[in-house]
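Have a look at the structure below before the remarks.
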């Protein structure tokens, strides 16, 4: 008698494979889907990063301390993180098209509130509404891609989205500062509100609902993929600390504190700082373009996604350590060197998503994304509070920022050590 294996193959039957192939977008349809999701993520990254460039204008106009500026900017990450779990459920239940287009309208209302409010608490509410509204921009695309495109196309699709996001970060640097100085930062937010509405309409009209064909029965959605269950998965247990302090920490610095570091520590003018941010984001954009080609080549030659991410998780804390100890006139170049490994850092998210069934892609992606943005919020606000604390003890601006950066680097090395020693029974290398 033929013995039944204890662990049956997880590959779908031929009929299911044929159905998946039939539902895979190709040609112009695939291009249109990627384009509309990329436009939404582009705008979300503009809103995430713009405070780094216009921080001097915000601080001067609103009379904000470092802690208040950190709070106002990190309020985005707080709200973004708070809705990641329901966003994952909405993506699995209603599909990416409906979820993202509706939320982008919330972001547009938040941008209007930012453009019209005077009080810090109202500005914070507007910033939070923006965070809620763009909370699905990347995960909606990832969950759609995970369900509707083959696994071998995932790294390249991820890179397309990250290229769009980094393009938004580019626009949010020197161009955003120039626009804010020309028409005012409030009018800039009004313009973004209009673009958010247009993006919502484009996604609703052109994305389609192919991802909903892969949705499981409602009973299956409740049986598996709960938040705590996902967080206890060995991959997540290993990845959470470096995700918070390295991935999230980089996001916090890129979207706010890199600007004050350039002005307060390296002595740049606001224009020079925003120009350096432009160089940084351009380097990240170039790295994404290269990684879109290099990563599939490395996989074919036996270098797994997780191994590529491991190199980044070591590289980035080492670069930040150099940034702490070398503060010469040319030390801004280290930020560009650091940027080369940023794309590989985000490939860990793709590896985690591919380790789970595609019908819970929305929940696993948003659970992981929650950890990134919890880290970004905690580091962004905490960095400001630590800077204020060092200032209260009598240190100057440069020393206070250096002290805050040093604390972050220590936490990054601790989390990297955790990642190296916490082996998830071999699954990390699969």
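The values are calculated or read from the model by the stated rules, or taken from the named source; none is laboratory data. Model, not experiment: these values are computed from the prediction. FYI the Cβ positions are ideal-geometry reconstructions off the backbone, even for glycines, and counts take in every protein chain you see.
Within region 52-61, identify whether any single residue is out of contact with any strand residue (DSSP E or B) (no Cβ under 6 Å at 6 or more places or on another chain), touching a residue at least 40 places away in the same chain (Cβ under 8 Å) and under 14 Å from residue 376 (Cα atoms), and answer yes or no. Full working, then the answer.
From region 52-61, those out of contact with any strand residue (DSSP E or B) (no Cβ under 6 Å at 6 or more places or on another chain) are 52-61; that's our starting set.
From what is left, the residues that are touching a residue at least 40 places away in the same chain (Cβ under 8 Å) are 52-58, 61.
So of that shortlist, the ones also under 14 Å from residue 376 (Cα atoms) come out as 52.
Taking every residue of region 52-61 in turn, at least one turns out to be out of contact with any strand residue (DSSP E or B) (no Cβ under 6 Å at 6 or more places or on another chain), touching a residue at least 40 places away in the same chain (Cβ under 8 Å) and under 14 Å from residue 376 (Cα atoms).
Only one residue in 85, 130 is assigned to a helix (DSSP H, G or I), touching a helix residue (DSSP H, G or I) at 6+ places or on another chain (Cβ under 7 Å) and within 18 Å of residue 165 (Cβ to Cβ). Which one?
On the way: 85 fails: within 18 Å of residue 165 (Cβ to Cβ).
So the residue among 85, 130 that is assigned to a helix (DSSP H, G or I), touching a helix residue (DSSP H, G or I) at 6+ places or on another chain (Cβ under 7 Å) and within 18 Å of residue 165 (Cβ to Cβ) is 130.
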(message) Please go through (1) modelled with pLDDT of 80 or more; (2) in contact with a helix residue (DSSP H, G or I) (Cβ under 7 Å, 6 or more places away or on another chain) for residue 253 and return the number of the only condition it doesn't satisfy.
(response) (2)
(request) Kindly indicate whether residue 308 is buried (at least 19 other Cβ atoms within 10 Å of the Cβ) and without any contact (Cβ under 8 Å) to a residue 60 or more places away in the chain. (result) yes
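Taking the conditions exactly as written (in contact with a helix residue (DSSP H, G or I) (Cβ under 6 Å, 6 or more places away or on another chain), modelled with pLDDT of 90 or more and within 23 Å of residue 110 (Cβ to Cβ)), does residue 197 satisfy them or not? Write out each step before concluding.
Values: in contact with a helix residue (DSSP H, G or I) (Cβ under 6 Å, 6 or more places away or on another chain): yes; modelled with pLDDT of 90 or more: yes; within 23 Å of residue 110 (Cβ to Cβ): yes.
Judged against the criteria, residue 197 is a match.
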(message) What's the number of the only condition in (1) over 29 Å from residue 100 (Cβ atoms); (2) touching a helix residue (DSSP H, G or I) at 6+ places or on another chain (Cβ under 6 Å); (3) without any contact (Cβ under 8 Å) to a residue 60 or more places away in the chain that residue 389 fails to meet?
(response) (2)
(message) Can you report the number of residues in region 31-82 which are part of a helix (DSSP H, G or I) and out of contact with any helix residue (DSSP H, G or I) (no Cβ under 9 Å at 6 or more places or on another chain)?
(response) 2
(message) Need the failing condition index for residue 122 against (1) in contact with a helix residue (DSSP H, G or I) (Cβ under 7 Å, 6 or more places away or on another chain); (2) more than 30 Å from residue 187 (Cα to Cα); (3) free of Cβ contacts under 8 Å to residues at least 12 places away in the same chain, just the number.
(response) (2)
(request) Note down all Cβ pairs under 8 Å where the first residue falls in region 193-222 and is at positive phi and buried (at least 17 other Cβ atoms within 10 Å of the Cβ), the second is at pLDDT below 95 and in a helix (DSSP H, G or I), and they're at least six residues apart or on different chains. (result) 208/29; 208/33; 208/97
(request) Return yes when residue 127 is more than 23 Å from residue 347 (Cα to Cα) and either in contact with a strand residue (DSSP E or B) (Cβ under 8 Å, 6 or more places away or on another chain) or surrounded by fewer than 24 Cβ atoms within 10 Å (Cβ to Cβ) (or both) and no when it is not. (result) no
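Yes/no matrix, rows are residues, columns are (1) modelled with pLDDT of 90 or more; (2) under 30 Å from residue 270 (Cα atoms):
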position: 107; (1), (2): yes, yes
position: 120; (1), (2): no, yes
position: 145; (1), (2): no, no
position: 163; (1), (2): no, yes
position: 171; (1), (2): no, yes
position: 175; (1), (2): no, yes
position: 181; (1), (2): no, yes
(message) Quick check on region 104-111. Is at least one of its residues closer than 18 Å to residue 206 by Cα, buried (at least 23 other Cβ atoms within 10 Å of the Cβ) and within 20 Å of the chain's Cα centre (by Cα)?
(response) yes
